[in-house]
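A.B. asks: This is the structure, below, for whatever I ask next.
The values are calculated or read from the model by the stated rules, or taken from the named source; none is laboratory data. Since the model is a prediction, treat every value here as computed from it, not as a measurement. When we count neighbours, we look across all protein chains shown, and the Cβ atoms used for this are built from the backbone with ideal geometry, even at glycine. What goes into the accessible areas is simple: the full protein's heavy atoms, side chains included, and nothing from ligands, DNA or RNA. Shrake-Rupley method; radii C 1.70, N 1.55, O 1.52, S 1.80 Å.
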Amino acid sequence: MDTDKNKTASQQVAIESLLLVDDNPINLQILYKTLEPTGHRLHVAKDGETALAIAREVKPFLILLDIMMPGMDGYEVCQALKKDPETAHIAVIFLSALEDSAAKVKGFAVGGVDYISKPFQADEVVARVSNHIKIHRLETELARRNSELESENLQILNAVSEGIIGLDKDGRVLLMNPAATAITGWAAADCFGELLSTIE
């Protein structure tokens, strides 16, 4: 029984919210049916303004975003997402019938992580979505672990009795532990960014 519970819990953790944005109802329906078997929570929007409202409320893990839409196009939606700290982390995959390289380059320039050409293949969409979810999870876990390591290192640094001063490659002070400030009599806040050789 415990094994079944563990499987259920791990499956729940794997479920993510995805936002599908396309002004064409048929394309939106095909995209929905393509991704429905993955088990992710799917949200849909038929225009840019609605997409932004849903993104701010739901905070989807990933957005599949059409470029050519009336009113606010996909580029503008992506730019708005990236400017907002609440939605800047959301990965955006552009969907478009535009084949020229300039359109793809612009998509990456405004913050997209991938580009799928229409008409799309169902297995390609599923594969790319799965890959980006895996990458995003790994990046999130790496950032969390780095934060933990920084916190642990800071605790160790503050606990040692030896004075430690960290410098960058130019000899400017990056950090000082409490022992270093006690030994030198220097205020750490006054030293950060200063050349060690010029501190008196």
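A.B. asks: Could you compute the FRET efficiency for Q79 and D123, with r as their C-beta to C-beta distance and R0 at 41 Å, rounded to 0.05?
C.D. replies: Values: r = 30 Å, r/R0 = 0.74.
The value I calculate is 0.85.
A.B. asks: May I ask you to evaluate 6.51 cos²θ - 1.76 cosθ + 1.60, the Karplus curve with θ = phi - 60°, for each residue of the range 99-111 and list the ³J(HN,Hα) values in order in whole Hz, giving x for glycine and proline?
C.D. replies: Going residue by residue, I get 9, 6, 5, 4, 5, 5, 4, 4, x, 5, 5, 8, x Hz, with x marking Gly and Pro.
A.B. asks: Determine, from the Cβ-Cβ distance of F108 and E150 and an R0 of 35 Å, the FRET efficiency 1/(1 + (r/R0)^6), rounded to the nearest 0.05.
C.D. replies: 0.70
A.B. asks: Another question about this same structure. Run the accessible area of the chain with a 1.4 Å probe and give the carbon-and-sulfur part as a rounded percent. Walk me through the numbers on the way to the answer.
C.D. replies: Details: 6670 of 11890 Å².
Of the solvent-accessible surface of the chain, carbon and sulfur hold 56 percent.
A.B. asks: So, in nm, how far is label M72 from label I116 when the simple model puts each one 7 Å beyond its Cα toward the Cβ?
C.D. replies: 2.2
A.B. asks: Next up: Provide I133, I15 ordered by accessible surface of protein heavy atoms (probe 1.4 Å), highest first.
C.D. replies: Details: I133 5, I15 55 Å².
If we order I133, I15 from most to least accessible, we get I15, I133.
A.B. asks: Right, something else. Determine the sum of side-chain charges near D22: Lys and Arg each +1, Asp and Glu each -1, restricted to other residues whose C-beta is under 10 angstrom from that of D22.
C.D. replies: Combined, the nearby Lys, Arg, Asp and Glu give -1.
A.B. asks: Can you bin the range 1-158 into rounded, prolate or oblate? Criterion: square roots of the alpha carbon gyration tensor eigenvalues sorted a ≥ b ≥ c, rounded for a/c under 1.5, prolate for a/b above b/c, oblate for the rest.
C.D. replies: Since a/c reaches 1.5 but b/c is at least a/b, the shape of the range 1-158 is classed as oblate.
A.B. asks: Compute the long axis of helix 2-14 from its Cα atoms, compare it with the longest principal axis of the Cα atoms of the chain, and write down the angle in degrees, 0 to 90, nearest 10.
C.D. replies: On a 0 to 90 degree scale, this one is about 90.
A.B. asks: Grab the other residues whose beta carbon is less than 13 angstrom from that of V113, score K and R as +1, D and E as -1, and report the net.
C.D. replies: That works out to +2.
A.B. asks: Tell me the label-point distance for the pair K134, R172, using the 7 Å Cα-to-Cβ offset, in nm and rounded to one decimal.
C.D. replies: Result: 4.1 nm between the two label points.
A.B. asks: At 0.36 nm per residue, minus the direct Cα-Cα distance, what do I15 and A187 gain on full extension? Give it in nm, one decimal, please.
C.D. replies: 57.0 nm
A.B. asks: Related question: Under 5 Å between amide H atoms, partner at least 5 residues away or on a different chain: which partners does M72 have, H built in plane at 1.01 Å?
C.D. replies: When sequence neighbours closer than 5 places are left aside, the close amide H contacts are G48, E49.
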